[in-house]
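The values are calculated or read from the model by the stated rules, or taken from the named source; none is laboratory data. Keep in mind that this is a model prediction, so the values were computed, not measured. We place every Cβ from the backbone using ideal geometry, glycine too, and count neighbours over all the protein chains shown. Just so you know, the surface numbers come from the protein's heavy atoms only, side chains and all, with ligands and any DNA or RNA stripped out. Shrake-Rupley method; radii C 1.70, N 1.55, O 1.52, S 1.80 Å.
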Amino acid sequence: LFKNSNFKIFANQIEKGSVVKSILTENTANKPRSFFDKLNNWAKEEGSPGLGFISFIDGEYKGPIAKNLSEEKLKSLDLKENESIFFICENLKSAQIFSGKVREKLCNELDLLDKNSFQFCWIIDYPMYEIDEKTNKIQFSHNPFSMPQGEMESLENKDPLDIKAYQYDIVCNGIELSSGAIRNHKPELMYKLFSIAGYDKTQVDEKFSGMISALSYGAPPHGGIAPGIDRIIMLLANEKNI
């Protein structure tokens, strides 16, 4: 379970449909028990079963999870003095969403946020598909009209869940400012993309006849990004929402 413990944030498949994600923190193992209890209660209020942790202080591993692991497993975590690891264990989608909330909560509780700067990052390589947790079927994860990386070769030879798309977002201080993509301009790719998601050619022609017709004339590659001016103003004004 802990063989990838050199990574500060990692996920391991523990059983079908479930993952463990973890976040490492510094200077927390010496916090009072009330600090950890408060976080665990908060996690339950958010709908999670709880927020497990392992801390390392004065040469000892502490926490409810530590009691159930061997010394060998604990040492493989490679924790340094006064470090803690917080664990989330849920199905993949829930774990991804909740781990983001945990990261933000820990950031605020430990006063790690630089409140006087604007930090940007690009989010790229979105998965083309994901599993619908209710139906257990493949569906588009972001935008069905984006160009798949690898084009037809990927669609024919890769596991659909391994196919990436040319999609991207620009983020500032955790807020999505703009979203964009390189658009799919090839009808044959469009049909194949939708067939993987369970749509036959007739359905695609009925729902997207205008687009298919336009692309059949040989539209050139195109893409772009749309900036959210209102969100930029929100950040400049130091407001929490638009």
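Does N116 count as part of a helix (DSSP H, G or I) and open to solvent by 90 Å² or more (accessible area, probe 1.4 Å)? The answer is no for N116.
Pick from E46, E83, E90: which is in contact with a helix residue (DSSP H, G or I) (Cβ under 8 Å, 6 or more places away or on another chain), over 30 Å from S195 (Cβ atoms) and surrounded by 17 or more Cβ atoms within 10 Å (Cβ to Cβ)? Just one listed residue meets the conditions, E90.
Conditions tested, residue by residue: (1) surrounded by 14 or more Cβ atoms within 10 Å (Cβ to Cβ); (2) at pLDDT 95 or above; (3) touching a Ser or Thr at 6+ places or on another chain (Cβ under 6 Å).
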{"position": "I196", "(1), (2), (3)": "yes, yes, no"}
{"position": "H222", "(1), (2), (3)": "no, no, no"}
{"position": "I229", "(1), (2), (3)": "no, no, no"}
{"position": "I232", "(1), (2), (3)": "yes, no, no"}
{"position": "L236", "(1), (2), (3)": "no, no, no"}
{"position": "I242", "(1), (2), (3)": "no, no, no"}
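On the basis of being buried (at least 16 other Cβ atoms within 10 Å of the Cβ) and at pLDDT 95 or above, does K158 make the cut?
no
Please verify whether N27 is more than 25 Å from the chain's Cα centre (by Cα) and touching a residue at least 12 places away in the same chain (Cβ under 8 Å), treating the condition exactly as stated. Spelling it out, N27 is indeed more than 25 Å from the chain's Cα centre (by Cα) and touching a residue at least 12 places away in the same chain (Cβ under 8 Å). Of the numbered criteria (1) free of Cβ contacts under 8 Å to residues at least 60 places away in the same chain; (2) among the β-branched types (V, I, T); (3) farther than 16 Å from G174 by Cα; (4) in contact with a strand residue (DSSP E or B) (Cβ under 6 Å, 6 or more places away or on another chain), the one I138 fails is (1).
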